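Worksheet: one structure, shown below.
Read-outs throughout are calculated quantities, based only on the coordinates presented, and are distinct from any laboratory measurement. Please read all numbers here as calculations on a predicted model, not as lab measurements. Methodologically, a virtual Cβ is constructed for each residue, glycine included, from the backbone with ideal geometry; neighbour enumeration extends over all protein chains shown.
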Amino acid sequence: DAGAIGFATSRTEIHRTNTGAFIPTLTSSERELMALAEVMRGRPWGVTQLISDCYLTTDEDFARTEMDLIEEFARVSARPLSFTVQQPYHAPERWRYLFDRVADARSRGIDIKPQVATRPIGVLEGLEATANPFLFCPSFGAVSQLPLDEKVAALRDPALRARIMIEHAELMAAVPEGLLRQLSGGFDVMFRLSDPVDYELDAGDSLAAEANRRGIEAVDLAYDTLLEDGGKRLIYIPLFNFAHHNFDDIAEMISSPNALFGLSDAGAHCGAICDASATTSSLVVWARDRRHGERLPIESLVHGHTQRGAAHMGWMDRGVIAPGYLADINVIDLEALACRPPRIVHDLPAGGRRLVQDAAGYRETIKSGAITFENGEHTGELPGTLLRGARSLTA
């Protein structure tokens, strides 16, 4: 009632405390969730957003019971609900079952939408980033806290490199399939980032493929790559939405009229993920540059990033260029549109790090009729205000 836009909860084992413990919402009972749904029922606005392991599981019964719970929450609350859907390597077709369940629920008047990404969801690995393939090697750990220039110098030492390679081999022999193994040794889906970044990944450009062409070990190439640019080089590794090493399934997901565009971490996980460019890359890849499949109409992409999401949230005063709507507009030069490589900066309190990424091709960004950016430069205008609750069209 004070203006919150909705309710969010997590039902995934991925989300843990800083000690590694599961967060309490993981095991929230159906009774507890339905009590919250009842509170939302009858409200003039309010949405639910959640993440569940239903998209990750290979257990058919678990996927079914989680979707039953999600559907029941949306039915009882009588409010829109969206939930995370991604494509993991070990369950590449699970998303299709979830989409089928959504379509069935919507046919019965239950407002559920899968929230999907317009590109693979990945992690950026580097010597200054949160993760890199050698993070769990003790000899790397011994130098990991050094200033970057000293760290690079130490890692160039042949003796230290040899010890790290031995430890990495031991790690890979001991670690089972899963996220840690992927981050440490998934060289077949690790990529250098070009400038501008080409987000339509090609398995032939992976570190493993490059190493094979050069007749060297992929682990050695990864080590050398991290030392490039004075240790500032980043490696991109997609963890979701690249199970078949192409973008065909993403195309199906984002073309569904039931799906919401989302899942772009621009501020969270600030030493590992930088998805602030997700909107830009979607126009570049899908509307202009796609090489390995059909392009998508730019109109549908813009709609997905604007009115579709706004309407779901209850913000009916934006997302359309028409009289009476907010004048929130990006004026772009489509041919010049590009994503620059992400980079690490240390501008958080106490020198904390974060990943940032620039984009080219935006001539003007207009918020409520005021030009806030021109050719990437801030104009000094600050027209934004705190947004509370739903918004109706005033005209």
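Across the chain, the mean sequence separation of Cα contacts (distance under 8 Å, 6 or more residues apart), normalised by length, yields a relative contact order of 15 percent. Dipole of segment 28-147 computed with +1 at Lys/Arg Cβ and -1 at Asp/Glu Cβ about the Cα centre; of Gly46, Cys137, His90, farthest Cα towards the positive end is Gly46. What you get for segment 257-395, charging only the Cβ of Lys and Arg (+1) and of Asp and Glu (-1), is a dipole of about 360 debye around the Cα centre.
With +1 on each Lys and Arg Cβ and -1 on each Asp and Glu Cβ, how big is the dipole of the chain about its Cα centre, in debye rounded to the nearest 20?
820 debye
Scaled against 2.2 N^0.38 Å for its residue count N, the alpha carbon radius of gyration of segment 122-237 is 1.01. In segment 321-368, the inverse of the mean reciprocal separation of distinct Cα atoms equals 13.3 Å; this is its Kirkwood hydrodynamic radius. So which residue, out of Gly352, Gly271, Gly314, gets the largest mean-square fluctuation from a GNM of the chain using Cα contacts under 10 Å as springs? Answer for the Gaussian network model of the chain: Gly352.
For the chain, what is the mean residue ellipticity at 222 nm derived from helices alone (per DSSP H run of n ≥ 4: -39500 (n - 2.57); sum divided by total residues; nearest 500 deg cm²/dmol)?
Helices in the chain give a 222 nm mean residue ellipticity of -9500 deg cm²/dmol.
Of the GluC sites (Glu not before Pro) found in segment 152-231, those in coil by DSSP whose Cβ has at most 12 other Cβ atoms within 10 Å are Glu177. A simple count of charges around Arg288, restricted to other residues whose Cβ falls under 10 Å of its Cβ and scoring Lys, Arg +1 and Asp, Glu -1, yields 0.
How high is the relative contact order of segment 122-237, in percent, with contacts defined as C-alpha pairs under 8 Å that are six or more residues apart?
On the way: 135 pairs, mean separation 42.8, N = 116.
Across segment 122-237, relative contact order equals 37 percent.
For segment 1-61, the set of GluC sites (Glu not before Pro) satisfying both a DSSP loop assignment and a count of at most 15 other C-beta atoms within 10 Å is given as Glu13. Pick from Thr12, Thr84, Thr65: which residue has the top mean-square fluctuation in a GNM of the chain where Cα pairs under 10 Å get a spring? Looking only at Thr12, Thr84, Thr65, the largest GNM fluctuation is found for Thr65. Note on the chain: GNM, Cα springs under 10 Å; of Glu72, Glu364, Glu381, the largest mean-square fluctuation is that of Glu381. Taking a Cβ cut-off of under 14 Å around Arg75, the surrounding Lys, Arg, Asp and Glu residues balance to a net charge of -2, with basic ones at +1 and acidic ones at -1. Applying 1/(1 + (r/R0)^6) with r as the Cβ-Cβ distance of Thr58 and Leu334 and R0 = 30 angstrom yields a FRET efficiency of 0.15.
Which loop-located trypsin sites (Lys or Arg not before Pro) does segment 96-205 contain, where loop means any DSSP state but H, G, I, E or B and the Cβ has at most 16 other Cβ atoms within 10 Å? Passing sites in segment 96-205 are Arg108, Arg156. No solvent, one uniform scatterer per C-alpha: report log10 I(q)/I(0) for the chain via the Debye equation at q = 0.12, 0.14 1/Å, two decimals. Evaluating at q = 0.12, 0.14 Å⁻¹ gives log10 I(q)/I(0) of -1.09, -1.40. If you take all other residues with their beta carbon under 15 Å from the beta carbon of Ser29, and give Lys and Arg +1 and Asp and Glu -1, the sum is -4.
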